[in-house]
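The values are calculated or read from the model by the stated rules, or taken from the named source; none is laboratory data. From a predicted model like this one, the values you see are computed outputs, not experimental measurements. Here the Cβ positions follow ideal geometry from the backbone for every residue, glycine too, while neighbour counts run over all protein chains shown. Areas reflect the complete protein model, heavy atoms only, side chains present, ligands, DNA and RNA absent. Shrake-Rupley method; radii C 1.70, N 1.55, O 1.52, S 1.80 Å.
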Amino acid sequence: MLHLIAHSLAHSPVLARISTGDSVLFLENAVYDLHQNTPLAVTLRDLGTRSELYALAPDLRLRGIDPNALVSGIRCIEDTGFVELTLRHRIIKTWH
């Protein structure tokens, strides 16, 4: 399953609903939570050991976030990578 997360995860139970082997794409304002110094960093590193984590590069650029400052294991992808993820996964869940 592909999870599209577009909102802040600060007080959200969304991450608990992600299963081993799922892919997660963070976009829009959700990219703010991906910095290696956020309270969610440890949770995201743990999640990355069992799921594929991605950040949409145009959203990082738009918000002035350096991809090198993200939690380790999060891969930055462009719009074409986004399309590839949607083609690879039969089930897509969008979290707003």
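Points to keep in mind about this one:
- Scanning the range 3-14 for residues that are surrounded by 12 or more Cβ atoms within 10 Å (Cβ to Cβ) and either farther than 21 Å from residue 86 by Cα or without any contact (Cβ under 8 Å) to a residue 24 or more places away in the chain (or both) yields 8, 9, 12.
- Qualifying position, being touching a helix residue (DSSP H, G or I) at 6+ places or on another chain (Cβ under 7 Å) and exposed (fewer than 14 other Cβ atoms within 10 Å of the Cβ), among 50, 63, 17: 63
- For the range 20-46, a residue qualifies if it is part of a strand (DSSP E or B) and open to solvent by 60 Å² or more (accessible area, probe 1.4 Å), and exactly one does: 35.
- Reported count of residues in the range 51-92, each being under 17 Å from residue 5 (Cβ atoms), over 13 Å from the mean Cα position of the chain (by Cα) and not in a helix (DSSP H, G or I), is 5.
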